[in-house]
Amino acid sequence: MTTPGEIPHQNATDDTTAAATATATITAGPDAPAGEFTVRPATLEEWREVARWAADEGWNPGLVDTDCFHATDPDGFFIGLLDGRLVSSVSVVNYSPEYAFLGYYLVHPDFRGRGLGLATWRAAVPHAGDRTIGLDAVPEQEATYRRSGFRTAYRTTRYRGRPVRPGTPAVPVVPVTAGHLDELAAYDRQCFPAGRRAFLSRWLTAAGHHAYAQIRDGRVAGYGVLRPARDGYRLGPLFADTSRGAEALFDALTAHLGPDDTVHVDIPDPHHSARSLALSRGLAPDSHTLRMYTGPAPAVRPERGYAVTSLELG
């Protein structure tokens, strides 16, 4: 992730601000390299290149994350182009009239420190309008984001390891089918700040993704998704009513893995039961980020959040 510098407030406007879906020619600053710098929404193929950058940064994206993510808000994935070469990116995905999420704030290593990331930010952030914006920040950038109007809500820790094989699952779980989608979307809305049924329809069925649900007394009481990544597997989301349900979902999702397969899971630190689950299954803390918002933290059921879906898209 690049150092963003002094990021303007969300609603600040100046001569460098571009309309959300327009191609804009940007003045990147006195240190910018020579050439024409423009910012515009990315095509799906262009965003696949950004995903490769993210992999190079060690973010370990899922193998088909881009295909699931981009369709969520195609106008919200911005790239900066210097004389036609892709050099910077940021996503500002609008989930609802009230909520957006910012991620993929990157500058190609050959062009860092020249104001291109900041110029891309300025062009992209107005896409969110007056929505509350969430993001996951690396610790060294917390102060920078705070100066730009973001406030820290909690820390998220990535746990990594080869899952320990437990005995009999704590409670029964079932593979997710198309018939579960409406109920899962309604359950997910209690755990995530906005409805995202269309996203879930892709996330639950994407190539290589494994999804399980716990059904208790005829209703959804939790669900989780495991997906292949550049390094091992990513597990998320994992939402459950109870710790026993979360344990059963984790175990079902990882049951098919080989003894050398590695799992990565991002867990909100305030959730002690989620941390205990990760540790009990042989995972160890690997890194952490800070969840930040431009306004009050959205109302969700935090006790159900055993693992976030993605640090890149919330």
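Here are the numbers:
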{"read-out": "Only Lys, Arg (+1) and Asp, Glu (-1) charged, at Cβ; the chain dipole about Cα centre in debye", "value": "800 debye"}
{"read-out": "Sulfur and carbon atoms: percent of accessible area, the chain [1.4 Å]", "value": "50 percent"}
{"read-out": "Karplus-derived 3J(HN,Hα), 6.51/-1.76/1.60, for each residue of region 145-150, Hz, glycine and proline x", "value": "5, 4, 5, 9, x, 8"}
{"read-out": "Segment HIS288-THR262, length gained on full extension (0.36 nm per residue, minus Cα span)", "value": "7.6 nm"}
{"read-out": "Spacing of the two label points (7 Å from each Cα toward its C-beta) at ASP83 and ARG146, in nm", "value": "4.1 nm"}
{"read-out": "Integer Hz, Karplus 6.51/-1.76/1.60 couplings in order for region 189-206, x for Gly and Pro", "value": "4, 7, 10, 10, x, 8, x, 8, 4, 4, 4, 5, 4, 7, 5, 6, 10, 5"}
{"read-out": "Extension reserve of the ASP56-VAL138 stretch, reckoned as 0.36 nm per residue once the Cα distance is removed", "value": "27.9 nm"}
{"read-out": "Backbone HN-Hα couplings from phi across region 291-299 [Karplus 6.51/-1.76/1.60, Hz, Gly and Pro as x]", "value": "6, 10, 9, 7, x, x, 4, x, 7"}
{"read-out": "Between 0 and 90°, nearest 10: helix 243-254 axis offset from the chain longest Cα axis", "value": "80 degrees"}
{"read-out": "Contact order relative to length of the chain, as percent, for alpha carbon pairs under 8 angstrom and 6 or more apart", "value": "22 percent"}
{"read-out": "Heavy-atom surface of the chain, accessible at 1.4 Å and reported per residue (Å²)", "value": "41 Å²"}
{"read-out": "HIS210 accessible area, 1.4 Å probe, all protein chains in place, Å² to nearest 10", "value": "70 Å²"}
{"read-out": "Estimated dipole of region 68-209 in Debye, rounded to 20 [Cβ of Lys and Arg +1, of Asp and Glu -1, Cα centre]", "value": "500 debye"}
{"read-out": "Environment charge at LEU279 (Cβ cut-off 14 Å; Lys +1, Arg +1, Asp -1, Glu -1)", "value": "+2"}
{"read-out": "Estimated FRET transfer efficiency (ASP67, ALA186; beta-carbon r; R0 25 Å; 0.05)", "value": "0.55"}
{"read-out": "For region 162-282, with +1 on Lys and Arg beta carbons and -1 on Asp and Glu, the positive-most of TRP203, SER243, GLN190 along the dipole", "value": "TRP203"}
{"read-out": "Sites ASP110 and SER276, calculated FRET efficiency, Cβ-Cβ separation with R0 41 Å, nearest 0.05", "value": "0.40"}
{"read-out": "Span from the region 142-207 Cα centroid across to the region 66-129 one, whole angstrom", "value": "23 Å"}
{"read-out": "With at most 15 neighbouring Cβ atoms within 10 Å, loop GluC sites (Glu not before Pro) (DSSP) excluded, longest segment of the chain", "value": "99-314"}
{"read-out": "Which labelled figure in [x] 59, 45, 29; [y] 85, 50, 38; [z] 63, 38, 34 is Cα extents along the principal axes in Å, once derived from the coordinates", "value": "[z]"}
{"read-out": "Length added when fully stretched, ILE215-THR168, from 0.36 nm per residue minus Cα-Cα", "value": "15.2 nm"}
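The values are calculated or read from the model by the stated rules, or taken from the named source; none is laboratory data. Keep in mind it's a predicted model, so treat the numbers as computed, not measured. Please note: Cβ atoms are built from the backbone with ideal geometry, for glycine as well, and neighbour counts cover all protein chains shown. Surface accessibility is based on the protein's heavy atoms, side chains included, excluding ligands, DNA and RNA. Shrake-Rupley method; radii C 1.70, N 1.55, O 1.52, S 1.80 Å.
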